[in-house]
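Contents: one structure, followed by commentary.
The values are calculated or read from the model by the stated rules, or taken from the named source; none is laboratory data. The structure displayed is predicted, hence computed values, not measured ones. Neighbour counts run over all protein chains shown; Cβ positions are idealised from the backbone, glycine included.
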Amino acid sequence: MRRFVVIGFLMVAFVSCVLAQKPFTILDTVHVEEVVSYGVLKKYQSGAKIEKIQSSQFVLGQDGNLEQLLSRTLPIAFKTNAGGLATIRIRGSAPDHTSFNFGGININSLTLGHSNVSNVPVYLFDNVGVQFGSASSVNGSGSIGGAIHLGLQNNWTDGFKAEVRLANGSFGEQLYGTKLFLGNGKFESVTRAYYYAKTNDFKFMNPNYRDFENDIYEIEDTQHNANIENMGLLQEINYKFAEDEFFIFNVWLEKNWHLVQQNMGTNLGNPDFREDYNDDHIRIWAGYKNRKKPFKYEINGGYVFDNAVSNGNTNDTISTQRLIGEAFVEHAFIPNASYKVGAKATRINPTVYAYSASLNHEDRIDFYASYYHRLFNKLTATVNLRQGFVTDFNVPFTPSLGLDFLSLSKEVFVLNFTGNVSRSYRVPTFNDRFWVPGGNPDLNPEKGMNYELGTKWSYCNGTNSGNVKVNAFYMNIDDWILWKNGGSFWYAENVQSVESKGVEFMTDWSYLLFGRRISSGLNYTYTSAQRKESLNETNALNRQLEYVPVHAGNFFTSATVNKFEFTIDGSYTDKQYTDEEVKNILDAFFLLNTSVSYRFKINNKNQIRILGMVNNILNTDYQSSWGYAMPGINYRISLTYKLQ
């Protein structure tokens, strides 16, 4: 029923788009600074590696989720199954060491500590920024390995414009989405809605079959009970008082449901077994922003409600509510220097059936200060200081220092060197501290130190342009929290120290070849992430961590020919350990994908884009999570109609 309601809504939106052409005059759009932008992230973090997904790749990822986008465009490792669950691992860190930021909200679960990256739809956002390495001095708890920023852009639409998107793919995949923009140049309403579903009934070779008499040890099987159904709405209301003064109000509603994919053994032996998981989210972020010089300031506030239900058991409540307030002042007191000081406060009310009744709420307050200085137009230095306070918990002081040096600046190329040192931390999850039995309120925060050196060479001769970036990093994390088997129950403890070091290479180029514009890129990462100390008895000391490939990389190339755009991309993932024993090792694999799109205008106000994509065109048999099947070759076709 929900599916037909959503489809009906989108059809109404489509008809409205067409009918609205006559009564509305489509005027020019004035672009101002984005709410979350690459430049804002970079200013006070010199030497930090922060990447923004290129627009061409971002457009190709609009039909999928964030894991599919990032795994094909950046050197980042994911542990995933066939679409229901994906967790991120930046530079060998754990999933709960990366924060996912929407405005001033870290959308990570306060009970589990991480986000399911499969549930983050690319379609709702205008850009995605990724910070590699520690970001705790800027973002607070949970940014030991990195930070993801989900960006929205103020368009200040004057008139009306709209978009409708329809997609259909293999194994019952379908997406219906719409974006509606309405404004008068000062007031703007932006509505984004989507519905996504997939039956996931793909075929695969199951190695759990045993026919000793005929020497048959695998059989073609079909994945059962791995359905996905997600829907969401993101509503923006923006008002511009003046060119540098405006108000934003964002509401992100999300409802995610999936059947938990069973491993290949269960899928073969008990194909009717079902487990469902439902999580709902309400995220509200509002703020007044005054960016008039020399003093700029913001006052923001938010509310978050997260609720999870497993197997329809509403009695086992797992929900949290958050109230957030934040304010800061930025002052450019001389032309090449500025500082920013601010505070952020959060009141958290958990309602979890397995928590102690004595836990009513928790308060968190962070005070932070940042300083930026540019010297001789060559050297940029930044300092960030952050001190957090948590109810009945000690939070470490987290400073960071960054440098960016312009070494060479010639007519056609620029060479920069960067460096960054930063401290980071993570407050243990509510489950880690308060789950009964096993939670430990006396846990220490996980603490990290991050050291980074980088260089970037940029080239442009008017026809060809590109960048070559190399970063070397070293990160150690102490008091890493794990759950240990205590016999009668599991319990949380600060167990191990981890050392991660490596090199990242990234390049992107835009050039003419036979008169055609070509864009290409290549990314590679070498990551050595190892336990150096552990309270657990383990054979895995000084060995690569689980689900962290030593070598990983990807590439892409796209070419534009008249109204067509052709793209090919591939990704390589090295072998991976999956437990602390030398067994159940995932084989290395390579995935190759291709797409072609065609864009045409009906008239000056209407345009259509058709995109066809084939994933895993080599039909590679691989696993990303031990024992769980992944789909072979599959397709997706989408149609996007835009009223400009």
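Candidates Glu499, Glu446, Glu493, Glu452: the one that is among the charged types (D, E, K, R), more than 19 Å from Phe132 (Cα to Cα) and touching a Lys or Arg at 6+ places or on another chain (Cβ under 9 Å) is Glu493.
Residues that are touching a helix residue (DSSP H, G or I) at 6+ places or on another chain (Cβ under 8 Å) and either within 23 Å of His258 (Cα to Cα) or free of Cβ contacts under 8 Å to residues at least 24 places away in the same chain (or both) were ranked within the range 81-98; the one that is surrounded by the fewest Cβ atoms within 10 Å (Cβ to Cβ) is Leu85.
Pairs are defined by a Cβ separation below 6 Å, a sequence spacing of at least 6 or placement on different chains, a first member in the range 332-353 that is within 30 Å of Leu375 (Cα to Cα), and a second member that is at pLDDT 95 or above and aromatic (Phe, Trp, Tyr); the pairs so defined are Ser338/Tyr372; Tyr339/Tyr371; Lys340/Phe328; Gly342/Phe328; Gly342/Tyr368; Ala343/Phe367. Of everything in the range 315-355, what is small (Gly, Ala, Ser) and under 29 Å from the mean Cα position of the chain (by Cα)? Give them in sequence order. Correct list: Ser319, Gly325, Ala327, Gly342, Ala343, Ala345. The set of residues in the range 324-347 being in contact with a Ser or Thr (Cβ under 6 Å, 6 or more places away or on another chain), of a type in the set (A, V, I, L, M, F, W, C) and surrounded by 17 or more Cβ atoms within 10 Å (Cβ to Cβ) consists of Ile324 alone.
Among the residues making up the range 44-58, those that are in a helix (DSSP H, G or I) and either on the phi > 0 side of the Ramachandran plot or modelled with pLDDT under 90 (or both) are Ser55, Ser56.
So is Ala357 surrounded by fewer than 16 Cβ atoms within 10 Å (Cβ to Cβ) and free of Cβ contacts under 8 Å to residues at least 24 places away in the same chain or not? The answer is yes for Ala357. With respect to the conditions (1) in contact (Cβ under 8 Å) with a residue 40 or more places away in the chain; (2) not in a strand (DSSP E or B), Thr314 falls short on a single one, namely (1).
For the range 348-384, filtering for residues that are out of contact with any Gly (no Cβ under 9 Å at 6 or more places or on another chain) and over 19 Å from Lys292 (Cα atoms) leaves 20. Residues in the range 220-233 that are assigned to a strand (DSSP E or B) and touching a Pro at 6+ places or on another chain (Cβ under 9 Å): 4 in all. The number of residues in the range 59-85 that are at pLDDT below 90 and of a type in the set (Phe, Trp, Tyr) comes to 0.
Evaluation of Met506 against the conditions (1) of a type in the set (A, V, I, L, M); (2) in contact (Cβ under 8 Å) with a residue 60 or more places away in the chain; (3) farther than 22 Å from Val412 by Cβ shows that the sole unmet condition is (3).
Across the range 64-94, the number of residues qualifying as of a type outside the set (Gly, Ala, Ser), farther than 16 Å from Asn200 by Cα and touching a Ser or Thr at 6+ places or on another chain (Cβ under 7 Å) comes to 8. For the range 241-254, a residue qualifies if it is out of contact with any Gly (no Cβ under 6 Å at 6 or more places or on another chain), crowded, with 20+ Cβ neighbours inside 10 Å and either more than 18 Å from Gly185 (Cβ to Cβ) or charged (D, E, K, R) (or both), and the qualifying residues are Asn250, Trp252. Taken together, the residues in the range 260-279 that are among the aliphatic types (A, V, I, L, M) and in a helix (DSSP H, G or I) amount to 2.
Listed by position, the strands (runs of 3 or more DSSP E) inside the range 164-210 whose residues that are free of Cβ contacts under 8 Å to residues at least 40 places away in the same chain number at least 3 are 173-184. Of everything listed in (1) farther than 20 Å from Asn471 by Cβ; (2) of a type outside the set (A, V, I, L, M, F, W, C); (3) surrounded by 22 or more Cβ atoms within 10 Å (Cβ to Cβ); (4) modelled with pLDDT of 95 or more, the single unmet condition for Asn168 is (3).
When the range 566-600 is filtered for residues that are in contact with a Lys or Arg (Cβ under 9 Å, 6 or more places away or on another chain) and modelled with pLDDT under 95, the ones remaining, listed by number, are Glu580, Val582, Arg599, Phe600.
In the range 434-449, the residues that are aromatic (Phe, Trp, Tyr) form Cβ pairs under 8 Å with partners that are assigned to a loop (DSSP other than H, G, I, E, B), at six or more places apart or across chains, as follows: Phe434/Ser356; Phe434/Leu359; Phe434/Pro441; Trp435/Ala354. The condition of being touching a Phe, Trp or Tyr at 6+ places or on another chain (Cβ under 8 Å), basic (Lys, Arg) and in a strand (DSSP E or B) holds for Lys240. The set of residues in the range 586-644 that are among the basic types (Lys, Arg) and under 21 Å from Phe171 (Cβ atoms) contains only Arg636. Restricting the search to strands (runs of 3 or more DSSP E) fully inside the range 473-570 and requiring at least 3 residues that are under 19 Å from Pro95 (Cα atoms) gives 490-513, 516-534. All conditions in (1) surrounded by 16 or more Cβ atoms within 10 Å (Cβ to Cβ); (2) on the phi > 0 side of the Ramachandran plot; (3) not charged (D, E, K, R) hold for Phe473, with the sole exception of (2). For the range 278-318, taking the residues that are among the hydroxyl-bearing types (Ser, Thr, Tyr) and surrounded by 15 or more Cβ atoms within 10 Å (Cβ to Cβ), the one that is farthest from Glu245 (Cα to Cα) is identified as Thr317. Looking across Asp366, Asp404, one residue alone is of a type outside the set (A, V, I, L, M, F, W, C), closer than 22 Å to Phe333 by Cα and either in contact (Cβ under 8 Å) with a residue 60 or more places away in the chain or in contact with a helix residue (DSSP H, G or I) (Cβ under 8 Å, 6 or more places away or on another chain) (or both). It is Asp404.
For the range 535-558, the set of residues classified as at pLDDT below 95 and crowded, with 16+ Cβ neighbours inside 10 Å consists of Ala540 only. Of all residues in the range 234-260, how many are closer than 30 Å to Val117 by Cβ and out of contact with any helix residue (DSSP H, G or I) (no Cβ under 8 Å at 6 or more places or on another chain)? Of the residues in the range 234-260, 14 are closer than 30 Å to Val117 by Cβ and out of contact with any helix residue (DSSP H, G or I) (no Cβ under 8 Å at 6 or more places or on another chain).
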